[in-house]
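The structure appears right after this line, and notes come after that.
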């Protein structure tokens, strides 16, 4: 037995190894060598619908209905996701979305009749790496890179027509049933000709609370810095309830309320995640 | 539910020998084997050293009890893990993070590397002694993580 303990004791070189992960690139996660990869990859599909409403700093209300569809491949360390929303934007302000799902008002003074635009939005891709709590004295760190590729047809006027790139770092730690978290992010926004957009930073502070092994509530305060000259920063509160029905299925309902003119007045949504393997 | 095993070290017991009962808690229902090693200060830092005493016990969900007999009194440390797939090693990710539950005496928690001997040491006196170790699970699929993974799909951040 002692050999089993001795040869596989807690590694002293985790920090060096973590740094090596990023230098090697996430693509190596798909290497076929069993000695490199955790063999346990999970495929998860998520479907949902969300509706937000607000003026977003414009004179008129805009209603945004999103059908969410995401597919994710994950193991104990990595998660790769691809998401494609179906969008229905109704309002006078010309509103599009960035890679974080934040609305961008690109024409504050649109005063024409209510404009309804529908169609598939941009393709959102993300890759994240999680350092589990076992390595960091119960702190869990998740590093995520995101990009939005301008796949939506320009004639639909649902996007900026440019790619966005960003990254975020999420730190959390469990204290019994409570798991407070802080997420900070930065988004480099693509600049279409004729418009001025800002790169944005974001902060999310919140906590989850495990009611029981099947029910979890999450509450957070979210802030995003202004993304265009016409709008202010977005301050928002979010609350959600997740029902972990079994190992495969999680159902989540959530509500949001805006605290500033740069955020929607309210939002409501429902998500279903299902393990496909 | 508990399981117990009496284990003796390799050398003859002395009159002043100690007995150590270790309760290993947070054992996953996944089964496998609880592998445990007792180390002194000289052997603990060396990843290839032979423990003073060791035990392999069938894992019982919840709590597994292991008793070591005939150990010289002194200062020791315990390392243990649940070998869920019984492959005789602690499985790790490609960056060396543990993929199976593990634990140290004093319930010391690692920070990028295993705790130092000073953080995990305890004194073993002649006669009966006991230790409790709660296994630490590196698996991410906690209810809190599942809920946050789900809510991330709302297309923010």
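The values are calculated or read from the model by the stated rules, or taken from the named source; none is laboratory data. No experiment lies behind these values; they were computed from the predicted model shown. Ideal geometry is used to build each Cβ from the backbone, glycine not excepted, and the neighbour counts take in all protein chains shown.
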| request: Say whether the condition of being facing chain B (nearest Cβ under 9 Å), in a strand (DSSP E or B) and modelled with pLDDT of 55 or more is met by at least one residue in segment A:97-111. | output: yes
| field | Single residue of segment A:228-248 satisfying the filter (within 19 Å of the chain's Cα centre (by Cα) and within 13 Å of chain B (Cβ to nearest Cβ)) that is surrounded by the most Cβ atoms within 10 Å (Cβ to Cβ) | value | A:242
| field | Meets criteria (under 24 Å from residue A:44 (Cβ atoms), more than 18 Å from the chain's Cα centre (by Cα) and facing chain B (nearest Cβ under 10 Å)) for residue A:212 | value | yes
| query | Any residue in segment B:54-74 that is under 14 Å from the mean Cα position of the chain (by Cα), surrounded by fewer than 17 Cβ atoms within 10 Å (Cβ to Cβ) and within 14 Å of chain A (Cβ to nearest Cβ)? | reply | yes
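Each row is one residue, and each column tells you yes or no for (1) part of a strand (DSSP E or B); (2) modelled with pLDDT of 85 or more; (3) closer than 30 Å to residue B:97 by Cβ.
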residue: A:51; (1), (2), (3): yes, yes, no
residue: A:68; (1), (2), (3): yes, yes, no
residue: A:76; (1), (2), (3): no, no, yes
residue: A:79; (1), (2), (3): yes, yes, yes
residue: A:88; (1), (2), (3): yes, yes, no
residue: A:95; (1), (2), (3): yes, no, no
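Scanning for something closer than 25 Å to residue A:272 by Cβ and either at pLDDT 80 or above or under 18 Å from the mean Cα position of the chain (by Cα) (or both), does segment A:53-60 turn up at least one residue?
From segment A:53-60, those closer than 25 Å to residue A:272 by Cβ are A:53; that's our starting set.
Imposing the further condition that a residue be either at pLDDT 80 or above or under 18 Å from the mean Cα position of the chain (by Cα) (or both) reduces the set to A:53.
The answer is yes, given that some residue of segment A:53-60 is closer than 25 Å to residue A:272 by Cβ and either at pLDDT 80 or above or under 18 Å from the mean Cα position of the chain (by Cα) (or both).
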| Just wondering, is there one or more residues in segment B:109-121 that are in contact (Cβ under 8 Å) with a residue 12 or more places away in the chain, at the interface with chain A (Cβ under 9 Å from one of its Cβ atoms) and touching a helix residue (DSSP H, G or I) at 6+ places or on another chain (Cβ under 6 Å)? | no
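Listed here are the residues, each with its yes/no results for (1) out of contact with any strand residue (DSSP E or B) (no Cβ under 6 Å at 6 or more places or on another chain); (2) more than 8 Å from every other protein chain (Cβ to nearest Cβ); (3) in a strand (DSSP E or B); (4) under 24 Å from residue A:46 (Cα atoms).
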| site | (1), (2), (3), (4) |
| --- | --- |
| A:197 | yes, yes, no, no |
| A:207 | no, yes, yes, yes |
| A:216 | no, no, yes, yes |
| A:254 | no, no, yes, yes |
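Which one of A:189, A:157 is under 19 Å from residue A:233 (Cβ atoms), away from chain B (no Cβ under 11 Å) and in contact (Cβ under 8 Å) with a residue 60 or more places away in the chain? Steps first, please.
Values: A:157 fails: under 19 Å from residue A:233 (Cβ atoms).
Of A:189, A:157, the one residue that is under 19 Å from residue A:233 (Cβ atoms), away from chain B (no Cβ under 11 Å) and in contact (Cβ under 8 Å) with a residue 60 or more places away in the chain is A:189.
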